[in-house]
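Have a look at the structure below, then the notes.
The values are calculated or read from the model by the stated rules, or taken from the named source; none is laboratory data. Note that this is a predicted model, so its numbers are computed, not measured. Counting neighbours? That spans all protein chains shown, and the Cβs are built from the backbone with ideal geometry, glycine included. Side chains are part of the model used for accessible areas, which takes the heavy atoms of the whole protein and leaves out ligands, DNA and RNA. Shrake-Rupley method; radii C 1.70, N 1.55, O 1.52, S 1.80 Å.
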Amino acid sequence: NESYDTDVEEDRVWYKEKVVYRGELPRGKYNKPWIGNITALFRLPADLSLTTVARYRGPYTLLENTGKTKEVPDGQAAINPLTGKPVSEELPIYDERDRDASVVVDCTLRWKIPLWGTTLTTTLEVKNLFNEKVLSSKKTYEVGRQFWVGGELRF
């Protein structure tokens, strides 16, 4: 089992045209995709600074529920213990999915303003600057472009 906190999966699913128990599915690859970060810091005039971080994640394959179901043939169907007849059931289909490599760029612009003997720092952060659509597991996308504005007063 992949976790100490959950029970062994006893649900049946389709995988490669066979009915198997979820606990019998092949374990995911424990190798993580290559991940690399590049950071660039720029000091600009008027106490402005710009920080840019580019994150690269290499391609990878994962095993997931496709969201589709398929009916179990009578020869593999579960048997009703009261009637002794096969039970009609549809099981989820699991398959391997490839995920492409992705590059996501984040930027932060800071402006330090001297103010009556104190320093006011304003910040504008843009996460996922180019609004890359990065597919994660379960047919969902990672968060798109976000804007964050902040301020800090030091006295």
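Step by step: first the residues of the stretch 109-145, then only those that are in a strand (DSSP E or B) and among the hydroxyl-bearing types (Ser, Thr, Tyr), then the one that is farthest from Thr61 (Cα to Cα). Which residue is that?
Among residues in the stretch 109-145 that are in a strand (DSSP E or B) and among the hydroxyl-bearing types (Ser, Thr, Tyr), the one farthest from Thr61 (Cα to Cα) is Thr118.
Please tell me if Thr61 is in contact with an Asp or Glu (Cβ under 6 Å, 6 or more places away or on another chain) and among the polar types (S, T, N, Q).
For Thr61, the condition - in contact with an Asp or Glu (Cβ under 6 Å, 6 or more places away or on another chain) and among the polar types (S, T, N, Q) - is met.
Can you tell me which residue among Val13, Val53, Val105 is within 30 Å of Glu125 (Cα to Cα) and touching a Leu at 6+ places or on another chain (Cβ under 7 Å)?
Val105
Residues Lys18, Lys32, Lys70: which one is basic (Lys, Arg) and out of contact with any strand residue (DSSP E or B) (no Cβ under 9 Å at 6 or more places or on another chain)?
Of Lys18, Lys32, Lys70, the one residue that is basic (Lys, Arg) and out of contact with any strand residue (DSSP E or B) (no Cβ under 9 Å at 6 or more places or on another chain) is Lys18.
Against the conditions (1) out of contact with any strand residue (DSSP E or B) (no Cβ under 6 Å at 6 or more places or on another chain); (2) among the small types (Gly, Ala, Ser); (3) surrounded by 14 or more Cβ atoms within 10 Å (Cβ to Cβ), where does Ala101 fall short? Just the number, please.
(3)
If Asp95 satisfies every condition in (1) over 30 Å from Asp47 (Cα atoms); (2) modelled with pLDDT of 90 or more but one, which is the exception?
It is condition (2) that Asp95 fails.
Quick check on my filter: what residues within the stretch 115-155 are open to solvent by 70 Å² or more (accessible area, probe 1.4 Å), among the acidic types (Asp, Glu) and more than 16 Å from the chain's Cα centre (by Cα)?
Glu152 - this is the single residue of the stretch 115-155 that is open to solvent by 70 Å² or more (accessible area, probe 1.4 Å), among the acidic types (Asp, Glu) and more than 16 Å from the chain's Cα centre (by Cα).
Hand me the list of strands (runs of 3 or more DSSP E) wholly inside the stretch 22-83 holding 2 or more residues that are open to solvent by 100 Å² or more (accessible area, probe 1.4 Å).
By residue number, 35-44, 60-71.
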